[in-house]
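Beneath this line is the structure, given in structure tokens, with notes to follow.
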Amino acid sequence: MLQEDLYGATTARYYDAAYAVLRRRSADVDFYRSLAREVGGPVLELGCGSGRVLLPIARDGFTCTGLDASSDMLERLQRKDPPADLRLVQGRMESFDFGSERFALIYSAFRAFQHLITIDEQLACLAAIRRHLAPRGLFAFDVFAPLLQRIAVREEPETEDARFEIDGEEIIRYASVLRDPATQVMDVTFRYERRRRGSVIGNDLVRTRMRYFFRYELEHLLTRAGFARITVFGAFDRRPYDYVSGETVILAPADGG
């Protein structure tokens, strides 16, 4: 079965089990939790998905809102018995509007910003973020650092990137990538091979697109959107940006202070 929407029913089914494996050493959850403790609430996550990052923050006692374009992902989050005051909203990052509400912390975890393909989408998202940040509020997000030796390869054949179990089945996830260096856009296909007792019983395919960003490209984009003082880290332990870590982690205060 082929599904074009990355965050539809197919990905929602596998997401938690897959990223329990793929993100267990990233420390991103603790990083965003620490930001909430530093700046306080209310907190807004853009692209909250099934709540991998948002639920721990909400359970820490912060007033939280989660925005996501996928009803399937939000439904999966809702099944996890979230705090009663956690608000979930279906909507897009580049066009959200909570009226006069302001947030002390707005963040977008695990590369969600990379699904904004065009500059217009990126600037629209950043403009909405600035409108919704409280005075001295903070915007934080992360993207992967595009390692030159990898992005120089236009096409990556299908390779296994994760194994996990769900509903009594062994799932092997394979990924293939086609890159367009002119637009910095990657077309990614995930194939979830389902096995039971060693025999293949089915495959689910999902396709998505992602834009990759370089460090100074992001700094110029944020400056164009009105952010004045930007900090770039190389990992979630807040080390200086070093490129080789594969992570780009950015903090952008509302007022530059």
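The values are calculated or read from the model by the stated rules, or taken from the named source; none is laboratory data. Values in this document were obtained by computation on a predicted structure and should not be read as measured data. Virtual Cβ from ideal backbone geometry, glycine too; neighbours counted across all protein chains shown. All accessible areas refer to the heavy atoms of the entire protein, side chains included, with ligands and DNA or RNA removed. Shrake-Rupley method; radii C 1.70, N 1.55, O 1.52, S 1.80 Å.
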| task | Can you list which of the chymotrypsin sites (Phe, Trp or Tyr not before Pro) found in region 166-257 are DSSP loop residues with at most 12 other C-beta atoms within 10 Å? | result | none
| task | Compute the Cα gyration tensor for region 8-127, then decide on rounded, prolate or oblate, letting a ≥ b ≥ c be the square roots of its eigenvalues: rounded whenever a/c is under 1.5, prolate when a/b is larger than b/c in the other cases, and oblate in all that remain. | result | rounded
| Within a Gaussian network of the chain (alpha carbon springs, distance under 10 Å), most fluctuating of GLN149, GLN184, GLN90 | GLN149
| said: Ignoring ligands, DNA and RNA, please state the percent of accessible area on the chain from carbon and sulfur, probe 1.4 Å. | reply: 50
| query | How high is the FRET efficiency from GLU160 to TYR243, r the C-beta distance, R0 25 Å, rounded to 0.05? | reply | 0.40
| said: If you count only protein heavy atoms with a 1.4 Å probe, what accessible area per residue comes out for the chain, rounded to a whole Å²? | reply: 46
| said: Taking the 0 to 90 degree range and rounding to the nearest ten, how far is the long axis of helix 215-224 tilted relative to the main principal axis of the chain, both from C-alpha atoms? | reply: 40
| said: I'd like the FRET efficiency for ARG24 and VAL153, computed as 1/(1 + (r/R0)^6) with the beta carbon distance as r and R0 of 30 Å, rounded to 0.05. | reply: 0.70
| request: Would you calculate the separation in nanometres between label points at ARG59 and ARG37, each defined as 7 Å from the Cα along the Cα-to-beta-carbon direction? | output: 1.6
| query | In degrees, nearest 10, range 0 to 90: what is the angle between the Cα axis of helix 28-39 and the longest Cα principal axis of the chain? | reply | 20
| Test item: Cα-centred dipole of the chain, Lys/Arg +1 and Asp/Glu -1 on Cβ, debye | 380
| note | Candidate cut points under trypsin sites (Lys or Arg not before Pro) in region 1-101, DSSP loop plus at most 16 other Cβ atoms within 10 Å of their own Cβ, are ARG23, ARG24, ARG25, ARG79, LYS80
| remark: Residues meeting the amide H criterion for CYS64 (H placed from the backbone, H to H distance under 5 Å, 5 or more places apart or on another chain) are VAL43, ARG87
